[in-house]
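Asker: The structure under discussion is supplied below as structure tokens; questions concerning it will follow.
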Amino acid sequence: MKILVTGGTGYIGSHTCVELLQKGYEVVVFDNLYNSKIDVVDKIEKITGKKITFYKADMLDKESMRPVFAEHTFDAVIHFAGLKAVGESVEKPLLYYKNNIAGTLNLCEMMNEYGCKKIIFSSSATVYGSPETVPITEDFPLSTTNPYGSTKLMLEGILSDLCVPDKEWSVVLLRYFNPIGAHESGLLGESPNGIPNNLMPYIMQVAVGKLPELGVFGNDYDTPDGTGVRDYIHVVDLAKGHVNAVEKATSANGVNIYNLGTGNGYSVLDIVKAFEAANGVTIPYSIKPRRAGDIATCYANPKKAKDELGWEAKYDLQRMCEDSWRFAKMNQ
Ligand code: NAD
Ligand code: WQD
């Protein structure tokens, strides 16, 4: 089977390419390299010993995607390409709506034109807004608090609507919780430009000495230690979930929605302690005010993915911390 991976040189996409190749899928990637580097292609090939076909294409430039579709017949598309920085989306809403929404519309038009109607979409736990209870199941009410989240919720709706008039469409919406970690080779991982917004990339920069200390955003939440609780999932587990989702997308029609999380909630201080214990380093931190828009607690009920996709996360927090640290050291 041949799979198109949009945004395949990015953080989650690159790990997914590795898992697909290791399972025997043929992989074609396109990316505009806005938030990733071309050398990721070599790294994927080095890890797997297999080749991928890469195109530099931009979803906003529809014709740049045409050679990708004209030269291959795809069994499914895994759609990672998009912008993902919450704070930036508040500052530049048009950029986010245009890239994520208009870009995905162009992609879907190409898919329609070339007769590939199976898509696995990167959604996010952000579509649950501020959940009233945890763990979160897929039928919880949906809402968003920033333009980035709104693009995800709108795209969930748009993709679902495609399935109404045309029964050939199959849409799998994957709602990721908090991906962290890196490939065990140390070759693939996440290295954001500038000062990181997310917790683990920030901790990694403190650990390698690029930043002096971590600011912990609030210790007065209604959680066991007062700091925010999240469902951190190893990116390799997340990537493996996509392989199961491809099997679903190619064997079912209509819309299927899954949480991809571990079901475990860890606080900011749990993560700091786990990182220190796993790697024998000290992470200096100080308590700062709450970050606007943050919620106290968010973790998944991942049972539906287990029951229907046969997938569950395997890697524990120690492993997530070890792999993050290896990648940080090898890519300073
Ligand atoms: P990433 O930025 O590492 O990867 C996204 C890739 O898409 C990048 O390589 C970027 O260059 C590419 N891209 C962006 N706009 C494009 C365009 N117009 N045309 C072609 N390529 C384009 O991000 P990631 O962490 O790997 O996330 C992948 C997907 O998962 C995104 O859609 C993101 O919103 C979603 N997601 C991520 C997280 C997370 O915490 N990382 C959580 C939930 C959902
Ligand atoms: C985790 C916890 C912070 C940084 C975001 C997006 C979400 C999804 C995943 C894409 C929180 C605390 C963080 C720091 C801290 N992305 N923190 N100091 O906010 O759960 O989710 O990424 O879809 O949409 O919103 O992740 O890693 O930013 O924060 O104390 O320097 O760490 O307050 O409790 P978040 P995060």
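The values are calculated or read from the model by the stated rules, or taken from the named source; none is laboratory data. Treat the numbers as computed from the prediction; the structure is a model and nothing was measured. Neighbour counts run over all protein chains shown; Cβ positions are idealised from the backbone, glycine included. These area figures cover heavy atoms from the full protein model, side chains too; ligands, DNA and RNA do not enter into them. Shrake-Rupley method; radii C 1.70, N 1.55, O 1.52, S 1.80 Å.
Asker: Those residues that are surrounded by 15 or more Cβ atoms within 10 Å (Cβ to Cβ) and either in contact with a Pro (Cβ under 6 Å, 6 or more places away or on another chain) or in a helix (DSSP H, G or I) (or both), I need them from the stretch 274-298; list them, please.
Answerer: ALA274, PHE275, GLU276, ALA278, ASN279
Asker: When the residues of the stretch 115-146 are narrowed to those that are crowded, with 23+ Cβ neighbours inside 10 Å and more than 17 Å from ILE12 (Cβ to Cβ), which ends up nearest to ligand 1 (Cβ to nearest atom)?
Answerer: My answer is TYR128.
Asker: When you look at SER170, is it closer than 26 Å to ASN99 by Cβ, in contact (Cβ under 8 Å) with a residue 60 or more places away in the chain and surrounded by fewer than 20 Cβ atoms within 10 Å (Cβ to Cβ), yes or no?
Answerer: Spelling it out, it is not the case that SER170 is closer than 26 Å to ASN99 by Cβ, in contact (Cβ under 8 Å) with a residue 60 or more places away in the chain and surrounded by fewer than 20 Cβ atoms within 10 Å (Cβ to Cβ).
Asker: Same structure again: What tally of residues in the stretch 6-24 results from selecting those that are open to solvent by less than 30 Å² (accessible area, probe 1.4 Å) and in a loop (DSSP other than H, G, I, E, B)?
Answerer: Qualifying residue count, the stretch 6-24: 4.
Asker: If you don't mind, there's one more thing I want to ask. Taking ASN253 as meeting all but one of (1) of a type outside the set (Val, Ile, Thr); (2) within 30 Å of ALA76 (Cβ to Cβ); (3) at pLDDT 95 or above, write down the number of the exception.
Answerer: For ASN253, the failing item is (3).
Asker: Against the conditions (1) open to solvent by less than 90 Å² (accessible area, probe 1.4 Å); (2) under 16 Å from LYS240 (Cα atoms), where does ASN301 fall short? Just the number, please.
Answerer: (2)
Asker: I've got another one for you. Which of the residues that make up the stretch 153-167 are touching a strand residue (DSSP E or B) at 6+ places or on another chain (Cβ under 9 Å), open to solvent by 20 Å² or more (accessible area, probe 1.4 Å) and within 16 Å of ligand 2 (Cβ to nearest atom)?
Answerer: Selection gives LEU153 alone.
Asker: Among the residues in the stretch 247-263, are any more than 15 Å from ligand 1 (Cβ to nearest atom) and either farther than 25 Å from ASP307 by Cβ or of a type in the set (Lys, Arg) (or both)?
Answerer: Looking for residues that are more than 15 Å from ligand 1 (Cβ to nearest atom) and either farther than 25 Å from ASP307 by Cβ or of a type in the set (Lys, Arg) (or both), one finds at least one in the stretch 247-263, hence yes.
Asker: Would you please name the residue that is most open to solvent (accessible area, probe 1.4 Å), looking only at residues in the stretch 33-51 that are within 14 Å of ligand 1 (Cβ to nearest atom) and not charged (D, E, K, R)?
Answerer: The selected residue is TYR34.
Asker: Can you find, within the stretch 228-260, the residue that is farthest from GLU322 (Cα to Cα) among those that are buried (at least 23 other Cβ atoms within 10 Å of the Cβ) and of a type in the set (Ser, Thr, Tyr)?
Answerer: Only one residue tops the list, namely TYR258.
Asker: So which pairs qualify, if the first residue must be in the stretch 89-101 and surrounded by 15 or more Cβ atoms within 10 Å (Cβ to Cβ) and among the β-branched types (Val, Ile, Thr), the second must be assigned to a loop (DSSP other than H, G, I, E, B) and modelled with pLDDT of 95 or more, the Cβ gap must be under 7 Å, and the two must be at least 6 apart or on different chains?
Answerer: Short answer, once both residue conditions are applied: VAL90/ASN146.
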